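J.: Right, I'll just put the structure down here and ask away after.
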Amino acid sequence: MGETPVREPSRVVEGLRAYRLVAGMWIRSTMTYRASFAVTVLGNLLLTGLDFVTILLMFSRVDSLAGWTLPEIAFLYGLSVTSFGIADLLLGSMDVLGGRMRDGSFDTLLVRPVPVLAQVGADHFALRRLGRVTQGAVVLGWALVAVDVDWTASKALLVPVTLVSGAVIFGALFVAGAAFQFLAQDAAEVQNAFTYGGTTLLQYPPTVFGRDLVRGVTFVLPLAFVNWVPASHVLGRPYPLGLPDWAVFGSPLVAAGCAALAGAAWRAGLRSYRSTGS
């Protein structure tokens, strides 16, 4: 009788393991100086909180913004910032890819027997980014208590589903932006315009913006499914574009589609890479 062949671990499992090892290395390096780490996290938390302070200052002069109250906008803010913070924590270092390609150090990642995407995603893993996640979660928690909503089981379930879906959508943008750097090799700011710029845009209600922009972030770059669409359902507000009722539960499908497209873009970019100087 022949021996039963041993199955090799899947690429996904292998990638997750590589990500954990690389990220763990950076975390151990960071925790060597615990006091410095604590100060950095606190500073990051306070710095990211300035966005919400701006909103609070705005509401010190007005009672509503385009018909939305402060708790409602805090709900939008909390969903956007928390989702983005999770993606930024896990994949926010992918903008270093361009620098690695220019100095030739990216080639060393190609010869390692682990997925390149996992190595790049965990590269320079910055635990200090927990400050943004914490700050967004605090605002979201306050909004959930303060907002005037007739909570149902579907609405309550939609909140964590939206957070996970939003993190996947932003993560897909990080991966797609990194894939674009295979062509441009110095496109970190372009990537940041869609990631950091996107989360800033979503902190305000869609009624503030023109219909063409709302259409663009709904049907072209579907950032609206990070918070605008599901939040409109939770808050009992009609979405400006008159989407069908089932669209409010479309965030997981949009997230899956974005992840698939970003993965395809990454694989295409990686195949096109010809090493430094070629």
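J.: For the stretch 229-244, give me the residue count where each residue is more than 21 Å from the chain's Cα centre (by Cα), closer than 16 Å to Thr152 by Cα and not aliphatic (A, V, I, L, M).
T.: 3
J.: Further question on the same structure: Consider Ala176 against the criteria (1) closer than 21 Å to Asp51 by Cα; (2) of a type in the set (Gly, Ala, Ser); (3) surrounded by 15 or more Cβ atoms within 10 Å (Cβ to Cβ): it satisfies all of them except one. Which criterion is unmet?
T.: It fails just one condition, (1).
Listed here are the residues, each with its yes/no results for (1) at pLDDT below 85; (2) farther than 30 Å from Val116 by Cα; (3) in contact with a helix residue (DSSP H, G or I) (Cβ under 7 Å, 6 or more places away or on another chain).
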site	(1), (2), (3)
Met1	yes, yes, no
Pro5	yes, no, no
Ser10	yes, no, no
Ile27	no, no, yes
Phe37	yes, no, yes
Val41	yes, no, yes
Thr54	no, yes, no
Leu65	no, yes, yes
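J.: Take the conditions in contact with a helix residue (DSSP H, G or I) (Cβ under 7 Å, 6 or more places away or on another chain) and part of a helix (DSSP H, G or I) and apply them to Leu46. Does it pass? Steps first, answer last, please.
T.: Details: in contact with a helix residue (DSSP H, G or I) (Cβ under 7 Å, 6 or more places away or on another chain): no; part of a helix (DSSP H, G or I): yes.
No; evaluated as a whole, the condition is false for this residue.
J.: Any idea which of Ala118, Ala184, Ala156 is crowded, with 17+ Cβ neighbours inside 10 Å and out of contact with any His (no Cβ under 7 Å at 6 or more places or on another chain)?
T.: Numbers: Ala184 fails: crowded, with 17+ Cβ neighbours inside 10 Å; Ala156 fails: crowded, with 17+ Cβ neighbours inside 10 Å.
Step by step, each of Ala118, Ala184, Ala156 is checked, and only Ala118 is crowded, with 17+ Cβ neighbours inside 10 Å and out of contact with any His (no Cβ under 7 Å at 6 or more places or on another chain).
J.: Counting residues that are hydroxyl-bearing (Ser, Thr, Tyr) and surrounded by 12 or more Cβ atoms within 10 Å (Cβ to Cβ), which helices (runs of 4 or more DSSP H) fully inside the stretch 205-278 reach at least 1? Step through it out loud before you land on a result.
T.: Working: elements: 211-215, 228-234, 251-272.
Passing ranges, in order: 228-234, 251-272.
J.: Separate question: For the stretch 13-22, state whether one or more residues are loosely packed, with under 11 Cβ neighbours inside 10 Å, closer than 23 Å to Ala176 by Cα, hydrophobic (A, V, I, L, M, F, W, C) and at pLDDT 80 or above. Steps first, please.
T.: Here is the first cut: in the stretch 13-22, the ones loosely packed, with under 11 Cβ neighbours inside 10 Å are 13.
Pick out the ones that are also closer than 23 Å to Ala176 by Cα and you get 13.
Still in the running and hydrophobic (A, V, I, L, M, F, W, C): 13.
Subset that is at pLDDT 80 or above: 13.
Yes: one or more hits.
J.: In the stretch 225-276, what count of residues is obtained for those that are more than 17 Å from Leu79 (Cβ to Cβ) and either touching a His at 6+ places or on another chain (Cβ under 6 Å) or free of Cβ contacts under 8 Å to residues at least 60 places away in the same chain (or both)?
T.: Step one: list which residues in the stretch 225-276 are more than 17 Å from Leu79 (Cβ to Cβ), which gives 238, 240-246, 253, 256-257, 259-276.
Still in the running and either touching a His at 6+ places or on another chain (Cβ under 6 Å) or free of Cβ contacts under 8 Å to residues at least 60 places away in the same chain (or both): 238, 240-246, 253, 257, 260, 264, 267, 271, 274.
The number of residues fulfilling the criteria is 15.
J.: If I go through the stretch 178-214 residue by residue, how many of them are closer than 27 Å to Leu70 by Cβ and among the charged types (D, E, K, R)?
T.: Pass one, the stretch 178-214, residues closer than 27 Å to Leu70 by Cβ: 195-211, 213-214.
The next check asks that each one be among the charged types (D, E, K, R); those that pass are 211.
The qualifying residues number 1.
J.: Quick check on the stretch 56-66. Is at least one of its residues part of a helix (DSSP H, G or I), surrounded by 12 or more Cβ atoms within 10 Å (Cβ to Cβ) and polar (S, T, N, Q)?
T.: No, every residue in the stretch 56-66 fails to be part of a helix (DSSP H, G or I), surrounded by 12 or more Cβ atoms within 10 Å (Cβ to Cβ) and polar (S, T, N, Q).
J.: Scan (1) part of a helix (DSSP H, G or I); (2) over 16 Å from the mean Cα position of the chain (by Cα); (3) of a type outside the set (A, V, I, L, M, F, W, C) for the single condition Ser165 breaks and write down its number.
T.: (2)
This table checks each residue for (1) surrounded by fewer than 16 Cβ atoms within 10 Å (Cβ to Cβ); (2) modelled with pLDDT of 90 or more; (3) more than 21 Å from Ala224 (Cα to Cα).
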{"residue": "Trp68", "(1), (2), (3)": "no, yes, no"}
{"residue": "Gly78", "(1), (2), (3)": "no, yes, no"}
{"residue": "Ile86", "(1), (2), (3)": "no, yes, no"}
{"residue": "Met94", "(1), (2), (3)": "no, no, yes"}
{"residue": "Arg129", "(1), (2), (3)": "no, no, yes"}
{"residue": "Asp148", "(1), (2), (3)": "yes, yes, yes"}
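The values are calculated or read from the model by the stated rules, or taken from the named source; none is laboratory data. Computed from a predicted structure; not experimentally measured. Glycine also receives a Cβ, built like all others from the backbone with ideal geometry; neighbour counts cover every protein chain displayed.
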